[in-house]
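The values are calculated or read from the model by the stated rules, or taken from the named source; none is laboratory data. Everything quoted here is computed from the prediction, not taken from an experiment. Don't worry about glycine lacking a Cβ; one is built from the backbone with ideal geometry, like all the others, and counts go over all protein chains shown. Quick note on the areas: whole protein, heavy atoms, side chains included, nothing else; ligands and nucleic acids left out. Shrake-Rupley method; radii C 1.70, N 1.55, O 1.52, S 1.80 Å.
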Amino acid sequence: MRKLIIIFALLLIFKNGFSQANNLLLEEIIEQIAEGNENELDYSELYEALYYFAENPINLNKTTKEELRDLYFLNAYQINKLLAHIDKNGKLLSYLELQTIAGFDVQTIQNLLPFISIKTKVNSKQLLANINQYIIIRNQFYLQEQKGYIPDEENKKHYLGNSHRTYFKYQLKNNYLQAGITAEKDAGENFLGPNQPYGFDFYSAHLQVKKIGKIKNFIIGDYQMNFGQGLVMQSGMGFGKSSEVINIQKSGNLIKAHTAAAENLFFRGTAIQIEPLKNLELIAFYSSHKVDANIIDTLDNDELAFSSIQGTGMHRTENELLDKNIILQNHYGVHANYNLNKLNIGGSYYFTKIEGEYTKSIYTYNQFDFSGNTNQNFGLDYQYLYKNMNFFGEVGKSKNGGIAHINGVMLGLDKSLSASLLYRNYEKNYQSEYANAFAERSSQNEKGLYFGLEFTPNHKLKIKGYADNYEFPWLRFGVGAPTKGNDYLLQADYKISRAIKMYVRYKSENKEETIAETSNISGKKKDNFRFHISYKEGENWTFSNRVESTTILLNNEKENGYMFYQDIKYKPLFGKITFSSRYLLFNTSTYDSRIYAYESDVLYGYSIPSYYGKGSKIYFVAKCNIIQNLDFWLRIAKTTYSDREVLKSGWDEIEGNKMTEIKLQIRYKF
């Protein structure tokens, strides 16, 4: 009865107060996903997918696995249990039924409620009335002048364009149709000049249709694909270890539109997903896409020789423009998936051909990396649901004979206890450009065993943690010997009341690294502690505090770092103006002891900077609904360092100890 009351209360909160509470929830979900990824990934597609479902909730009684996978925070075990419950018991009549399904605790249901519905969807006659369209224009820049924009003695600037980063996006979307155009000019790139006669430096477009007879998904333009567990194909964003310790299974067998401004690791062409027979799905794709490469020579047959494929997407100088869209990549492949009751079996194949002569610099550590012009990858993946156990895995093989495999299980031991176990073994010569499986480092040259556990004794307390032991059987960049390491995380979440919640986290990383002075291998230990609390004052104000510290020990030398911030967020239920602000202090010895923190940003924007050195930061983000369907955002972020007088490096260098970034954005919905 107590749980029923809790779920009912949550239902009232989220179904009646979306505009106030859900933006905070979106930020929390994205931070949970992003915190385990120290690479600078583009999270705009993730934010956009969640925001779309917040405004257009998924009808659980009509949904599919593919649609539920787009929520990211639901794992395959939960999805299968939900669909099995509906198949066995019929349509959901109340949201309260969710708490009877294995794997759905109070926190999961709380996260899910803003994005779901059990109402009937519109029929085909109402299809055109349910189309959502919007246009976004964004501009961002630094107030301080950077070195690359300052004229030299001959009145020439190093960068060809101005210091503004400009972004344009149009999208049309409903449950059956999606189309869009994305365009971007990075800071320093020219716009409508002799080097960019078509305006923006980067354009992306797509047209996608779904759920039309036997055609489940068809797309023309730019897109992403995920197969199995990502050993063969995971071109979209992939997530690894995080505080969501049970969610270790990838959401495979997906075709998604590429809607972000990232200029690499996507396909350009066409892809189709069909269901020719009951329980059988087929995916076929073809892509032909020119990419940036570091050109080193032109051969006698006029072929270009290149040393590497570049992924920065920067075309600010004449030399960078010479490398733009210079090498043609062709890809084609298929994936077949057969569903037999609770067993899913899939097979993958794709072929890669790169025009030009790939003359990669070969060293001892990278001699097993891909360096040819053609490659092909094969994969077999599976998923089997048995009672409260979800088994999954994949094995992949590349053209050169390299093999990689991953196997795991997620277990619902009872209503309060869940566990996950995963073993991976990726040979040093396994090669796949689009592999992005669960790993400490990459889907090559790694073995590891992961164990996660989550205990929820009541609706207020959740304790979770993981242990991951891994090794690198071959050399890696900067480390001249096989090495090993381990990661541990322990976190306790406690909900004091409806208005106050907190968590405490301890994370420890132990990894063997090279000591620069002696080239010897030594264990590097990094300990991280975090305390976070958030509390609401009334219906409009939310406050958050975080204290985080890090300690690194390498070769008997110790360095420390800390970060502290205070957040204030004002989101009235019916007001036209909302804002959030943060004041942050940081002090870390070096880049090694850096600390990451997710920051509020403009809609579909993202900011997850790393803090190192000594200083402070303050930012302010405001949104104003000017008129119906027209919104404006302003973000001002100022960072002040007390341990340096020059910021950034190279041609991005800023003289002084202050750095102020401005973001302006406008969105029109129609």
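Regarding the range 592-670, what's the average projected area of the Cα-atom convex hull, expressed in nm²?
On the way: hull surface 26.1 nm².
Reported value for the Cα convex hull: 6.5 nm².
Report the full-extension gain for the segment GLU275 to LEU585: residue separation times 0.36 nm, less the Cα-Cα distance, to one decimal in nm.
Working: separation 310, 0.36 × 310 = 111.60 nm, distance 5.45 nm.
Here the answer is 106.1 nm.
When the C-alpha to C-alpha distance is required to be over 23 Å, the pairs from LYS185/LYS569; LYS62/LYS214; LYS501/LYS558; LYS495/LYS525; LYS169/LYS663 that qualify are LYS185/LYS569; LYS501/LYS558; LYS495/LYS525.
Look at (1) 154; (2) 185; (3) 170: the one that is volume of the Cα convex hull per residue in Å³ derived from this structure is (3).
Of the chymotrypsin sites (Phe, Trp or Tyr not before Pro) in the range 507-588, the ones in a loop by DSSP (not H, G, I, E or B) with at most 14 other beta carbons within 10 Å are PHE574.
The loop-placed chymotrypsin sites (Phe, Trp or Tyr not before Pro) in the range 353-449, going by DSSP, that have at most 14 neighbouring Cβ atoms within 10 Å of their Cβ come out as TYR363.
For LYS397, a cut-off of 19 angstrom between C-alpha atoms picks up these aspartates and glutamates, skipping any fewer than 8 places away in its own chain: ASP369, ASP381, GLU427, GLU433, GLU446. Over the chain, dividing the summed -39,500 (n - 2.57) contributions of all DSSP H runs of at least 4 residues by the number of residues returns a 222 nm mean residue ellipticity of -3500 deg cm²/dmol.
Applying 0.36 nm per residue to the separation of ASN366 and ASN486 and subtracting their alpha-carbon distance, the gain on full extension is 40.9 nm.
In this rough spin-label picture, where each label sits 7 Å from Cα along the Cβ direction, the GLN144-TYR170 distance is 3.9 nm. Put LYS241, LYS460 in order of accessible area, highest first, and with a 1.4 Å probe you get LYS460, LYS241. Counting only protein heavy atoms and using a 1.4 Å probe, the accessible area of GLU48 comes to about 10 Å².
Label separation (LYS62 vs LEU413): 4.1 nm, computed from points 7 Å beyond Cα along the C-beta direction. Using every pair of separate Cα atoms, the Kirkwood estimate puts the hydrodynamic radius of the range 304-387 at 16.3 angstrom. Qualifying GluC sites (Glu not before Pro) in the range 543-651, where qualification requires a DSSP coil assignment and no more than 10 other C-beta atoms within 10 Å, comprise GLU645. The calculated FRET efficiency for ILE636 paired with ASP152, based on their beta-carbon distance and R0 = 35 Å, is about 0.70.
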